[in-house]
Amino acid sequence: MIGTIASIMSATIVNVAVPDMSQVFQLGQERAQWMSTGFMAAMTVSMLATPWLLARFGYRRTYGAATLLLMVGGTAGGLAFSYEFVMAMRVVEGLAAGIMQPIPAIVIIYSFKPHEQGKAMGIFGMGVVLAPALGPSIGGLLVEHLGWRSIFFVVVPFCLAALYFTRRYLPVTSPGGAPANRNGSRFDWVGLALVIVSLLALLNGLVALHDAGSGGAPVDALAMLMIAALAITAFVIHQRRTSQPLLNLGLFQGRVFAMSSLVAFIYGMALFGSTYLVPVFMQMALQLPPSQAGAVLLPAGLVLAVTIPLAGRLADRRPIHRLVSTGLLLLALSFALMLTVGLGTALWILMLWTAIGRLGLGFVLPSLNLGAMRSLEMSHVTQGSSAINFLRQLGGAVGVNLIGIFLEWRLSAHGAATPDAGNAAAPLPAFHEAFAVLAVITAAAVLAARAMKLPPTNHPPRGLSSQDRPHRPPESGAATMTGDEGR
């Protein structure tokens, strides 16, 4: 939980500093949003490596190395003196966060019985959501009083604590209790290269497509998008032919997992697109200082922290597809209500609209992973967790990029691309249109969520290895854990 808090905070806290960093490095909206997009792209790519890393090095070494890499990226990013170096460190942070993200769901599925998994996911989620709840508030204060560099160092104490507890509590074994096998299967470097090419071509193609609408060459956009399509096609063909695929495409033959994956992709677009949009909206359109922009998000984060453990308990008793559908509808409603916000809107109303969206997130977060994992055999849980997180982050990377491009386009269309002291309300229509797009995207995911209905007996088996249960190892620091040692 602590390591995941650090990874999520590194992903979201930078958004509060976007206006200040844009001034320091003289960035336009398009380049500024790449600080989020670059992180998301790196995070998306590295997620597919998690199953192989866990099998090769085990829980402790994999999670510990990723946490250390995250801390190094955050520290170096705070010391950067150029936009290019900041971007490089954001990519490093993203690579580390991507490896870490699928592991908690794997631990929970292997360590708890079916009737306890929702409760466990809810308790875990309650801690994790404190990161986006407290991150913008802490980040706003730091940016206003200490400058943008300070936000990069926030992850350091979390990473240090996570490194200590990783060494103390996580087993050295792989999922299922099997010993880590350093001489195991080869890593699918070809598949990873095709994923990187397709993702970079897709994101750059979207940017080039926007430039084409502003008078640029449409050939560049079409060429990039064509390369992305070819790389994705080659990736699918390669995954079907290789004996050790990076992404097991057979998982998507099950209806529940396929629909869960579609929900995860669309949900990622809406969630991470809004994570980028909301802080920028408060500062650029509503003209709130960074500290107030962060404070507005704090009550919503607390609502999420209270909701998610309750929703986790419901996931053990109520149909998963209904909980996910309810959460998506509330999230879409929150985006739609943002269209009513203007310069004269009271802050408590803005807090309320934001809280409705976080209430929706509370229903979705513990249910989506559980719904997807419960539809799989235990031997496929590691690959399934990696795949579902990959698709959610892929949606997030695309969503952040699309929202950033769409926002810049609409700001230009409304004549608000540059600050105008004589017309403070000029940016509002562009932001309202961006929120409307997010509302439509989120509402569309409800159709897929309704198809996530699980058979009543479709649960993972109860017989779980003691080596996968989180517990304290022997005081001697032995490299392996067997039986009931350390309980």
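Looking across the range 56-90, the residues that are farther than 17 Å from residue 41 by Cα, among the aromatic types (Phe, Trp, Tyr) and in a helix (DSSP H, G or I) come down to 57, 59, 63, 83.
Comparison of 356, 320 shows that the only residue that is among the hydrophobic types (A, V, I, L, M, F, W, C), in contact (Cβ under 8 Å) with a residue 40 or more places away in the chain, out of contact with any Pro (no Cβ under 8 Å at 6 or more places or on another chain) and farther than 17 Å from residue 434 by Cα is 320.
Just one of (1) of a type in the set (Val, Ile, Thr); (2) more than 25 Å from the chain's Cα centre (by Cα); (3) in a helix (DSSP H, G or I) trips up residue 356, so point out which. For residue 356, the failing item is (2). Going through (1) assigned to a loop (DSSP other than H, G, I, E, B); (2) buried (at least 18 other Cβ atoms within 10 Å of the Cβ) one by one, residue 318 falls short only on (2). Residues of the range 414-432 being at pLDDT below 80 and small (Gly, Ala, Ser), which ones? Within the range 414-432, 415, 416, 417, 421, 422, 424, 425, 426 qualify.
For the range 94-113, the criterion of a residue being surrounded by fewer than 18 Cβ atoms within 10 Å (Cβ to Cβ), at pLDDT 85 or above, out of contact with any helix residue (DSSP H, G or I) (no Cβ under 8 Å at 6 or more places or on another chain) and part of a helix (DSSP H, G or I) is satisfied by no position. Tell me, which helices (runs of 4 or more DSSP H) lie completely within the range 1-40 with 1 or more residues that are within 30 Å of residue 59 (Cβ to Cβ)? Correct list: 2-12. Counting the residues of the range 204-238 that are within 29 Å of residue 188 (Cα to Cα), at pLDDT below 90 and of a type in the set (S, T, N, Q) gives 1. Listed conditions (1) over 19 Å from the mean Cα position of the chain (by Cα); (2) farther than 21 Å from residue 45 by Cβ; (3) of a type in the set (Gly, Ala, Ser) are all met by residue 274, apart from (1).
A quick yes/no check of all residues on (1) touching a helix residue (DSSP H, G or I) at 6+ places or on another chain (Cβ under 6 Å); (2) among the aliphatic types (A, V, I, L, M); (3) not assigned by TED's automatic domain parsing to the domain that holds residue 94:
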{"site": "223", "(1), (2), (3)": "no, yes, yes"}
{"site": "231", "(1), (2), (3)": "yes, yes, yes"}
{"site": "238", "(1), (2), (3)": "yes, no, yes"}
{"site": "278", "(1), (2), (3)": "no, yes, no"}
{"site": "316", "(1), (2), (3)": "yes, no, no"}
{"site": "319", "(1), (2), (3)": "no, no, no"}
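Every residue, every condition in (1) aromatic (Phe, Trp, Tyr); (2) without any contact (Cβ under 8 Å) to a residue 12 or more places away in the chain, yes or no:
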position	(1), (2)
263	no, no
274	no, no
277	no, no
281	yes, no
284	no, no
288	no, yes
292	no, no
299	no, no
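The values are calculated or read from the model by the stated rules, or taken from the named source; none is laboratory data. Predicted, not measured: the structure shown is a model, and the values here were computed from it. Here Cβ is always computed from backbone atoms with ideal geometry, including for glycine, and neighbour counts include all displayed protein chains.
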